[in-house]
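Asks: My questions will all concern the structure given below.
A short reminder: the numbers here are calculations on the coordinates, not readings from a lab. These numbers were taken from a predicted model, which means no experiment stands behind them. Here the Cβ is made from the backbone with ideal geometry for all residues, glycine too, and neighbour counts use every protein chain on show.
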Ligand SMILES: [Cu+2]
């Protein structure tokens with residue numbers, strides 16, 4: 001080694017030493033922590049296109065998908081202005097991050113998203129391990145003497161073929177999660193498809209009070225399901241809710257005459273339709289529930305249902321649906337339906353192909369062009385909530401011409417629906 005190389009080496013050693021000694025300790029610790037954390041690749045960041053803007057899980061240090069769900073209670077507003085007390089799952093504001101144990105009402109309001117029914121979907125990938133931690137924060141809006149306080153909860157992964165240790169049935173063999181405790185379910189999905197999670201403690205009361213959410217398992221990182229390509233997808237969760245039963249749980253912790261349990265709300269994604277088309281809580285003003293589609297596109301609809309006894313008869317006007325999968329399994333051959341019955345626990349995946357409008361010109365009466373058509377529960381009980389019609393499980397297809405590039409100043413999603421614009 002010549003002299004100039006030796007001098008150069010000494011200079012490098014000296015500069016590294018100076019750099020390290022002058023860096024604040026906390027900055028070094030932050031750098032070390034950042035290096036340990038799994039960072040999402042650009043491809044993975046773009047997964048929100050595949051999850052339809054649903055929040056992705058976090059990545060643990062070992063690359064495992066991590067979700068932290070929190071059980072809590074709260075109110076949801078219905079289209080008649082009523083606030084209905086519910087309990088269910090939620091997560092940190094804007095993410096599924098761990099925000100530690102949450103015990104007080106103030107912590108719930110500060111750290112967590114307000115409770116939703118159903119709660120937000122979780123997206124998993126075939127063959128990729130996921131750790132789903134459930135934290136029981138207790139009840140915060142129930143009467144202090146109600147028996148619903150301090151109850152335990154679980155997650156049952158409905159439709160996933162799992163071992164008993166992560167099946168979520170209390171004490172078979174794992175005890176349910178008590179208030180202010182947490183438990184981690186570690187699962188690796190085997191099959192793609194549409195599934196759901198729900199509590200399995202006192203299932204009748206806990207599920208119907210609001211403890212359920214969609215689970216969507218992807219085969220890969222593209223917009224395909226069961227091998228079929230699609231352009232857009234919507235998850236429509238049909239469910240029943242009894243405000244009377246929920247109120248009794250909130251006040252006393254027990255529903256009187258459970259055999260007489262009767263839904264007074266029939267919901268799609270936790271909302272009802274109402275004749276006020278501008279109502280912000282109506283199904284059709286929810287970008288996740290109003291089916292927007294464009295000419296030449298293929299739309300995947302994932303139907304799910306949960307309830308006490310209602311069978312939803314989903315009927316889109318103007319379209320037949322191609323059924324591609326039942327209960328998370330691809331059908332060997334598809335079939336077409338325009339009225340599809342779905343009841344508690346079932347998932348049905350269908351494709352709707354929006355044709356090339358010009359190809360329909362021969363038929364002036366065929367409803368295969370741009371425009372709005374409704375899709376509703378044809379078991380008409382499900383179109384009546386709190387005695388009012390049409391207030392229930394109804395959404396619309398809003399079919400438009402070929403998609404134009406959105407202008408930056410025009411919000412595309414979340415904009416109130418205005419039927420006069422169409
Ligand atoms: Cu529960």
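Asks: I need to check one value: relative contact order of region 114-230, counting alpha carbon pairs closer than 8 Å and at least 6 residues apart, in percent. Provide the component values of the computation, followed by the final result.
Replies: Details: 227 pairs, mean separation 41.9, N = 117.
After rounding, I find 36 percent.
Asks: Quick one: compute the contact order of the chain, relative version, from alpha carbon pairs under 8 angstrom and 6+ residues apart, as a percent. Spell out each step's value before the answer.
Replies: Details: 962 pairs, mean separation 55.1, N = 422.
After rounding, I find 13 percent.
Asks: How do 243, 333 line up, fewest other C-beta atoms within 10 Å first?
Replies: Values: 243 18, 333 6.
Exposure proxy ranking, most exposed first: 333, 243.
Asks: With a cut-off of 17 Å, note down the residues of region 273-306 whose backbone N falls inside the zone around a label point 7 Å from the Cα of residue 374 toward its beta carbon.
Replies: Of the residues in region 273-306, 273-279, 282-286, 290-291 have backbone N under 17 Å from the label point off residue 374.
Asks: Right, next: Antiparallel DSSP bridges in the chain: what percent, to the nearest 5?
Replies: Values: 63 of 86 bridges.
If I count the DSSP bridges inside the chain, around 75 percent turn out antiparallel.
Asks: Something else: Would you please calculate the Kirkwood hydrodynamic radius of the chain over all C-alpha pairs and express it in Å, rounded to one decimal?
Replies: Details: mean 1/r = 0.0425 Å⁻¹.
Its Kirkwood hydrodynamic radius stands at 23.5 Å.
Asks: Which order results if 385, 119, 359 are arranged by neighbouring Cβ count within 10 Å, fewest first? Please report the intermediate quantities before stating the final value.
Replies: Details: 385 27, 119 22, 359 11.
Final ranking by Cβ density, sparse to dense: 359, 119, 385.
Asks: Suppose only helical runs count, i.e. DSSP H with n ≥ 4. What mean residue ellipticity at 222 nm does that imply for the chain under -39500 (n - 2.57) per run, divided by all residues and rounded to the nearest 500 deg cm²/dmol?
Replies: Values: 7 runs with 63 residues, N = 422.
The helix contribution divided over the chain gives -4000 deg cm²/dmol.
Asks: Further question on the same structure: If each of residue 364 and residue 150 carries a label point 7 Å out from its Cα toward its Cβ, how far apart are those two points in nm?
Replies: 7.4 nm
Asks: For q = 0.10, 0.25 Å⁻¹, what log10 I(q)/I(0) does region 104-210 give under the Debye formula with an equal point scatterer on each alpha carbon and no solvent?
Replies: -0.31, -1.62
Asks: Using the alpha carbon gyration tensor of region 229-421, what are the three equivalent-ellipsoid semi-axes (square root of 5 times each eigenvalue), largest first, in whole Å?
Replies: Details: eigenvalues 200, 84, 43 Å².
So the equivalent ellipsoid measures 32, 20, 15 Å along its semi-axes.
Asks: Now, a different point. Over region 229-421, what is the percentage of antiparallel beta bridges among all DSSP beta bridges, to the nearest 5? Please report the intermediate quantities before stating the final value.
Replies: Values: 34 of 46 bridges.
Expressed as a percentage, antiparallel bridges in region 229-421 total about 75.
Asks: I need 89, 75 ordered by Cβ neighbour count within 10 Å, fewest first.
Replies: Numbers: 89 26, 75 15.
So the residues, fewest neighbours to most, are 75, 89.
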